[in-house]
1. Within segment 43-51, identify whether any single residue is touching a Lys or Arg at 6+ places or on another chain (Cβ under 9 Å), touching a residue at least 12 places away in the same chain (Cβ under 8 Å) and of a type in the set (Gly, Ala, Ser), and answer yes or no.
2. I need every pair where a residue in segment 74-102 that is within 14 Å of residue 53 (Cβ to Cβ) has its Cβ under 6 Å from the Cβ of a residue that is part of a strand (DSSP E or B) and open to solvent by 70 Å² or more (accessible area, probe 1.4 Å), sequence separation at least 6 or different chains.
3. Looking at 69, 97, 104, 78, which one is among the basic types (Lys, Arg) and within 21 Å of residue 2 (Cα to Cα)?
4. Looking at residue 57, is it farther than 18 Å from residue 20 by Cα and touching a helix residue (DSSP H, G or I) at 6+ places or on another chain (Cβ under 9 Å)?
Amino acid sequence: MALNAEELMKIVVKAAEDKKAGDVVALNLTGISLITDYFVICHGNSEVQVKAIADEVRDKAEENGVRVRGVEGMDAARWVLIDLGDVIAHIFHRDERPFYNLERLWSDAKVVELV
C-alpha cells in the first residue's frame, strides 16, 4: 500500500523525534511548490546527531516502501537534505539552521500542527 504525502510526513517527523531532533517543524507546501508537498525541518546538536537523524529518516522511509530519491550533505552533516518525493527533510546542525531560516523563506506555507 502506497503512503500518501501526509502519512509520509508523519513518518519523517516521528523518525526525527525518535532521534531527539530539535524543533521539528512541518510545512505544508501544497499549492505553493511544484517540487514537493511537505518540508520537514529540524536540527541536531552535533554532526553525529545530524547523521543519526538522517539515517533514521532514510531507514523509516525505506521500511515503509518509499524510495529515497536523493541525499545530500551527509559528508559535512551541517545541512542534510533527504528527497522522498512528496516530502523533503531538511536536517540542520543547530548552528546552521538560523542562517538558512527555511521557515521564514517559505513563510507562505502552512505550519502543520504536530501532536
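The values are calculated or read from the model by the stated rules, or taken from the named source; none is laboratory data. Remember, it's a predicted structure, so these values are computed and weren't measured experimentally. All Cβ positions, even for glycine, are placed from backbone atoms using ideal geometry, and neighbour counts span all protein chains on display. Accessible surface areas use protein heavy atoms only, side chains included; no ligands, DNA or RNA. Shrake-Rupley method; radii C 1.70, N 1.55, O 1.52, S 1.80 Å.
1. Let us first name the residues in segment 43-51 that are touching a Lys or Arg at 6+ places or on another chain (Cβ under 9 Å), namely 43-47, 49-50.
Add one more test, that the residue is touching a residue at least 12 places away in the same chain (Cβ under 8 Å), and what stays is 43-47, 49-50.
The next check asks that each one be of a type in the set (Gly, Ala, Ser); those that pass are 44, 46.
Yes, segment 43-51 has at least one match.
2. Once the first residue is within 14 Å of residue 53 (Cβ to Cβ) and sits in segment 74-102, its partners that are part of a strand (DSSP E or B) and open to solvent by 70 Å² or more (accessible area, probe 1.4 Å) give 81/72; 92/79; 96/79.
3. Details: 97 fails: within 21 Å of residue 2 (Cα to Cα); 104 fails: within 21 Å of residue 2 (Cα to Cα); 78 fails: within 21 Å of residue 2 (Cα to Cα).
Selected residue: 69, the only one of 69, 97, 104, 78 that is among the basic types (Lys, Arg) and within 21 Å of residue 2 (Cα to Cα).
4. On the way: farther than 18 Å from residue 20 by Cα: no; touching a helix residue (DSSP H, G or I) at 6+ places or on another chain (Cβ under 9 Å): yes.
Answer is no for this residue.
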